[in-house]
Amino acid sequence: MKKFLIVAAALLMLSCSCRNEMTESNPSRAAASVTKCLSGRDTIGVVLNVSRVIDGDTFEGRLDNGGNPGVNPWMLQLTKIVVRINGIDAPERGQFYGDVATLHLQWLISGKAVGLKLKQRDMYGRWIATAYHDGADIGAEMLKEGLAWHYKEVDGNPRYAQLEAEAKLAGLGLWCDDRAVPPWEWRRMDKYERDAYR
């Protein structure tokens, strides 16, 4: 098993000759560069086949070769990445509307090919990215349904701010509860403080 992993790692390194081919307009070329090229550049376009939705703003999947016969599909199968949707923060599991947000994101993207504009990695090794499916901005869709907060601390997208304000005004999703606590505050609470909001 150890020898297999060493050989796989060597093949992966050989297949990752970053040839400056990663552009937003050509996701299949982006997929060809697998891992090495997924670093240090803003708004890199790739296509990801979503295999699992973790929560209302995080999912994982494998890169898609976009039908490009020059891309080794075996190498792509080794490349699983976790994505955190840029600009939104959905309720945590166990938090009011956390499960609903997770189910809605599953409905939107689970098992589907999603276009990503990768920005950077966060402290947990997840890729921060804007995600698209069938031309729809997934982060915007979550905000529109009232299933996430606009994470203004890290994102200044005026469209996201407007969608959050409209959902709040209409009382959609989590906004039907005036005690809704932003996830970044929820994460700082202890068990007893959280129990007061359940």
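For region 145-176, give me the residue count where each residue is of a type outside the set (Phe, Trp, Tyr), buried (at least 19 other Cβ atoms within 10 Å of the Cβ) and closer than 16 Å to Thr130 by Cα.
Of the residues in region 145-176, 4 are of a type outside the set (Phe, Trp, Tyr), buried (at least 19 other Cβ atoms within 10 Å of the Cβ) and closer than 16 Å to Thr130 by Cα.
Consider Asp190 carefully, then state whether it is more than 16 Å from the chain's Cα centre (by Cα) and within 23 Å of Leu103 (Cβ to Cβ).
Details: more than 16 Å from the chain's Cα centre (by Cα): yes; within 23 Å of Leu103 (Cβ to Cβ): no.
Against the criterion (more than 16 Å from the chain's Cα centre (by Cα) and within 23 Å of Leu103 (Cβ to Cβ)), Asp190 does not qualify.
In region 133-144, which residues are touching a strand residue (DSSP E or B) at 6+ places or on another chain (Cβ under 7 Å) and either surrounded by fewer than 19 Cβ atoms within 10 Å (Cβ to Cβ) or of a type in the set (Gly, Ala, Ser) (or both)?
In the first step, residues of region 133-144 are kept if they are touching a strand residue (DSSP E or B) at 6+ places or on another chain (Cβ under 7 Å); the result is 133, 137-139, 142-143.
His133, Gly139, listed by residue number.
Looking only at residues that are part of a helix (DSSP H, G or I) and among the small types (Gly, Ala, Ser) in region 72-104, which one is modelled with the highest pLDDT? Break it down into steps so the answer makes sense when it comes.
Kept after step one, since they are part of a helix (DSSP H, G or I), are these residues of region 72-104: 73-77, 98-104.
With the extra rule that they be among the small types (Gly, Ala, Ser), the set shrinks to 98, 101.
Values: Gly98: 91, Ala101: 96.
Only one residue tops the list, namely Ala101.
What number goes with the only condition from (1) under 22 Å from Ile81 (Cα atoms); (2) without any contact (Cβ under 8 Å) to a residue 24 or more places away in the chain; (3) in a loop (DSSP other than H, G, I, E, B); (4) not acidic (Asp, Glu) that Met189 does not pass?
Unmet for Met189, out of (1) under 22 Å from Ile81 (Cα atoms); (2) without any contact (Cβ under 8 Å) to a residue 24 or more places away in the chain; (3) in a loop (DSSP other than H, G, I, E, B); (4) not acidic (Asp, Glu): (1).
Taking only region 181-198 into account, find how many residues are surrounded by 10 or more Cβ atoms within 10 Å (Cβ to Cβ) and modelled with pLDDT under 70.
Residues that pass the stated criteria total 2.
The values are calculated or read from the model by the stated rules, or taken from the named source; none is laboratory data. The structure presented is a predicted model; accordingly, all values stated were derived computationally and were not measured. All Cβ positions, glycine included, derive from the backbone under ideal geometry; neighbour counts span all protein chains shown.
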